[in-house]
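Let me begin by presenting the structure, written as structure tokens, before commenting on it.
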Protein chains: 2
Amino acid sequence: MHVPATLVRGGTSKCWLFDQSALPTTVDTTAQDLEGLLVNAYGAADPVQLDGVGGATPTTSKAAVVRASDAPGIDVDYLFGQVGIGVRRVEWGSNCGNCATAIALWAVARGLVPVTGDRTRVVLRNTNTGAVLEAEVDTTGGRVHEFGTRTVPGTRAGGVAVGLTFLDPAGRTTGSVTPTGRALDELTFDGQPAAATMVDAGAPMVLLDAAGIGLSGVESLAEMRDLVAPLREVRHAASLRMGLSRPGDTPDDAVPKVGIVGAPAAYRTSLGDEVAAEDYDVSVRMLSMNAPHPAIGLTSAVGVAVAALLDGSVVRAATGPVLRIGTPAGVVAVTCRDVVGSRPRRVTVERAARILCEADLLVPDPLPA
Amino acid sequence: MHVPATLVRGGTSKCWLFDQSALPTTVDTTAQDLEGLLVNAYGAADPVQLDGVGGATPTTSKAAVVRASDAPGIDVDYLFGQVGIGVRRVEWGSNCGNCATAIALWAVARGLVPVTGDRTRVVLRNTNTGAVLEAEVDTTGGRVHEFGTRTVPGTRAGGVAVGLTFLDPAGRTTGSVTPTGRALDELTFDGQPAAATMVDAGAPMVLLDAAGIGLSGVESLAEMRDLVAPLREVRHAASLRMGLSRPGDTPDDAVPKVGIVGAPAAYRTSLGDEVAAEDYDVSVRMLSMNAPHPAIGLTSAVGVAVAALLDGSVVRAATGPVLRIGTPAGVVAVTCRDVVGSRPRRVTVERAARILCEADLLVPDPLPA
């Protein structure tokens with residue numbers, strides 16, 4: 001079948017966007033039925049996604065199905081899918097903030113949301129998690145821009161400026177910002193006790209105190225590769241503790257997000273830039289599925305910022321509205337506003353997005369299940 | 001700028017095809033000037049080709065600019081480019097047989113070559129090397145097919161059957177099938193002497209006798225990774241011996257192709273299938289740029305088959321019209337016909353191709369050099 005789609009870079013992710021209203025009428029738009037379409041469109045069965053349009057890395061094998069929303073105050077609804085690499089499966093359990101910036105730019109470019117002066121606001125709802133996000137797309141001069149000069153840490157490529165605000169992100173998945181009821185717990189990392197904060201904000205996530213397990217938080221991506229297996233075990237243990245799964249469930253490799261946090265220290269980014277300890281507030285190294293994350297997912301950045309607001313959490317950073325997170329790609333600044341207790345109503349990151357291509361995909365019909 | 005392009009899988013490669021007549025008029029179509037366009041379209045600067053449509057692996061970061069040919073007996077001319085991954089550069093020195101099958105299918109689908117019954121012949125010329133190829137595209141029922149069931153070793157994905165014949169492939173680059181004047185030479189591999197055959201057929205290539213340097217020819221891709229550095233030195237030494245470069249030139253990572261050959265032995269393919277020693281005639285492990293090749297390039301397969309026709313070469317296989325080459329992806333059969341001396345006039349491989357998407361690429365204008 002032929003399926004129209006648009007490839008958009010949002011920050012450090014590439015995402016194919018599917019206009020739900022333009023999908024072939026034979027495609028049922030429930031997640032389960034979209035799975036066969038995406039698996040075949042991306043060539044997910046193959047480790048280099050040979051027979052499809054996927055990018056074959058976790059940050060370049062993402063998809064979203066987007067539609068105009070009928071909910072009051074929401075412009076567009078989107079269903080996010082993390083498409084498998086070498087496995088005929090799509091993970092539907094999470095959200096992607098970078099993709100939300102891509103969707104905002106696309107919604108404006110496509111005319112789903114009318115341009116309103118120099119900045120155009122797009123309110124998005126992620127239907128996987130219920131998260132509501134507010135994007136502000138640069139439409140300087142009252143028009144849509146295809147190219148721009150705003151950069152984000154992790155790439156020197158320019159894009160159109162998009163500010164992304166997570167609205168009331170705490171407790172979206174589990175109902176509580178601290179699903180275990182505590183800001184600090186103990187988990188096991190590689191056989192040793194590890195101080196852990198499990199938080200639900202942006203995404204459910206588990207963060208380990210790096211210093212307590214002999215790590216720094218400024219590990220290189222190569223060093224992080226050796227930590228994937230024990231961090232995966234931490235993810236699965238945390239999933240049970242946070243009530244995201246039950247004993248006997250197949251372990252999920254997407255949720256919760258898992259990472260380590262440490263004190264700021266000098267390091268060199270993946271692009272080779274020097275970062276000094278005083279340039280940021282907390283060092284973070286995350287996994288993306290079962291690989292070291294080359295930067296940080298925006299939903300994870302929100303989680304780290306909200307964890308920093310919790311007394312006694314493993315994120316011990318100077319409190320203030322802006323938290324500067326040191327990631328392998330560089331420093332990502334997160335701004336928390338309208339904080340009530342430890343729950344911010346608005347959490348904002350400044351990003352950039354670019355439409356890479358408009359396409360008509362030729363997708364083999366899904367094999368019968 | 002907006003640039004139309006089509007992503008096509010040919011065998012185990014993905015290649016974006018650019019119709020030269022549809023390129024923006026501002027684009028000069030010499031290789032040097034296309035380089036900026038491709039680098040920006042693919043996002044080549046980044047190791048995951050984040051800001052573009054590249055696939056970020058050697059077999060999925062390929063491009064060809066195609067036009068109707070004005071040469072007698074040739075249907076289409078194409079310029080092949082191996083687009084850099086994490087480097088703002090395109091290699092223009094080689095050909096890609098898998099991409100030729102993609103171009104043949106595309107030329108028929110686009111109407112550049114009219115359908116002629118159940119099989120449609122397309123004669124292609126690779127303008128990088130002067131190679132001429134004859135493709136036979138399955139047009140059963142007198143029509144173009146978008147999907148098919150033919151598979152090639154290395155993927156279970158089906159495609160449209162395309163037979164690809166290299167016409168008189170020997171000596172295309174250097175003028176001689178044996179550029180050193182001998183079928184057997186000695187080079188140095190990791191400090192030890194190595195029996196080597198340097199051949200120019202399909203592509204210039206250097207093959208080492210695996211047994212003489214303590215290897216088997218059925219090494220896994222993981223084992224091959226440890227051989228990349230010494231094989232790269234062999235490539236550079238062979239380049240000088242074959243007259244492809246001169247002392248002091250920047251080493252080329254694409255030409256000549258480099259690999260090791262050994263006796264058939266049982267092994268398991270990358271898809272997990274068992275291959276017995278009696279299933280094939282010669283084991284081959286190649287590099288693709290500076291990584292282990294997951295299968296074998298078709299131009300390399302031609303070179304191996306022609307080397308097998310040379311008395312005294314390192315390819316010591318039963319002579320006959322069909323040579324079965326054991327690659328990490330499975331067995332590739334190559335048929336040599338109309339052999340005059342040791343030079344076959346026709347070398348054929350059976351392949352499959354599939355159009356993955358038709359697209360309009362949004363390409364940032366190249367930075368001033």
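Coordinate-derived values only; no laboratory data. All values reported here derive from a predicted model rather than from experimental measurement. Don't worry about glycine lacking a Cβ; one is built from the backbone with ideal geometry, like all the others, and counts go over all protein chains shown.
For the range A:29-40, backbone phi angles converted through the Karplus equation (6.51, -1.76, 1.60; θ = phi - 60°) give residue-by-residue couplings of 9, 6, 3, 4, 7, 6, 4, x, 4, 5, 4, 6 Hz, Gly and Pro being listed as x. Which one, B:Ala157, B:Leu167, B:Ala131, is farthest towards the positive end of the dipole of the range B:122-213 when Lys and Arg carry +1 and Asp and Glu -1 on their Cβ? Farthest towards the positive pole: B:Ala157.
Against chain B, whose longest principal axis comes from its Cα atoms, helix B:97-109 is set at around 30 degrees.
Residues whose amide H comes within less than 5 Å of that of A:Arg150, counting only those at least five positions distant or on another chain, are A:Gly159, A:Ala161 (H built at 1.01 Å from N in the peptide plane). Computed over the range B:245-294, relative contact order equals 37 percent, with contacts defined as Cα pairs under 8 Å that lie 6+ residues apart.
Relative contact order of the range B:185-341, please, whole-number percent, based on alpha carbon pairs below 8 angstrom and at least 6 residues apart. Reported relative contact order: 25 percent.
Given in Å, the Rg to one decimal and the Dmax to the nearest whole number for the Cα atoms of the range B:208-281 are 14.9, 45.
Per residue of peptide A:38-51, the mean number of Cβ atoms on other chains within 10 Å of the residue Cβ is 5.
Site pair A:Arg182 and B:Asp190 shows an inter-label distance of 5.2 nm when each label is modelled 7 Å from Cα along Cα→Cβ. Could you compute the net charge surrounding A:Gly52? Neighbours are other residues with a C-beta less than 11 Å from the C-beta of A:Gly52; K and R count +1, D and E count -1. It works out to a net charge of +1. Applying a 4.7 Å Cβ-Cβ cutoff to chain A, the cysteines left without a disulfide-compatible partner are A:Cys336, A:Cys357.
Subtracting the Cα-Cα distance of B:Asp33 and B:Arg346 from their residue separation scaled by 0.36 nm leaves 109.3 nm. In chain A, helices alone account for a calculated mean residue ellipticity at 222 nm of -4500 deg cm²/dmol, with every DSSP H run of four or more residues adding -39,500 (n - 2.57). Over the C-alpha atoms of the range B:185-341, the Rg to Rh ratio, Rh being the Kirkwood estimate, stands at 0.94. Within the range B:145-231, the trypsin sites (Lys or Arg not before Pro) that combine a DSSP coil assignment with at most 15 other C-beta atoms in a 10 angstrom radius are B:Arg156, B:Arg182.
Separation of the alpha carbons by more than 27 angstrom is noted, of A:Lys257/B:Lys14; A:Lys62/B:Lys257; A:Lys62/B:Lys14; B:Lys62/B:Lys257, for A:Lys257/B:Lys14; A:Lys62/B:Lys257.
The long axis of helix A:228-241 is offset from the longest Cα principal axis of chain A by roughly 90 degrees. Across the copies of the chain, A:Gly243 has label points (7 Å from Cα along Cα→Cβ) spaced 7.8 nm apart, shortest distance listed first. Between B:Val228 and B:Asp249, the contour length at 0.36 nm per residue exceeds the alpha carbon distance by 5.5 nm.
Need the C-alpha centroid separation for the range B:300-369 versus the range A:309-336, integer Å. Between the Cα centres of the range B:300-369 and the range A:309-336 lies a distance of 54 Å. When only alpha carbons of the protein assembly as shown are considered, Rg and Dmax amount to 27.0, 86 Å. Extension gain, B:Thr116 to B:Ser220: 0.36 nm times the residue separation minus the Cα-Cα distance gives 33.1 nm. Largest GNM mean-square fluctuation among A:Met286, A:Met224, A:Met198, using chain A with Cα springs under 10 Å: A:Met224.
Chain B residue nearest the rotation axis toward A, with distance: B:Ala359, 2 (Cβ to axis, whole Å). Scalar couplings 3J(HN,Hα) for the range B:82-89, obtained by applying the Karplus form with A = 6.51, B = -1.76, C = 1.60 to θ = phi - 60°, are 9, 7, x, 10, x, 8, 7, 8 Hz; x denotes Gly and Pro.
Per-residue 3J(HN,Hα) values for the range B:286-302, derived from phi via the Karplus relation 6.51 cos²θ - 1.76 cosθ + 1.60 with θ = phi - 60°, read 10, 9, 10, 6, 10, 9, x, 6, x, 9, 8, x, 5, 5, 5, 4, 4 Hz in sequence order (x marks Gly and Pro). Dividing the C-alpha radius of gyration of chain A by 2.2 N^0.38 Å, with N its residue count, gives 0.94. Normalised by the number of residues in chain A, the mean separation of alpha-carbon contacts (under 8 Å, six or more apart) gives a relative contact order of 19 percent.
Plainly put, the range A:34-168 has a radius of gyration that is 1.00 times its Kirkwood radius, both from alpha-carbon atoms, as the Rg/Rh ratio.
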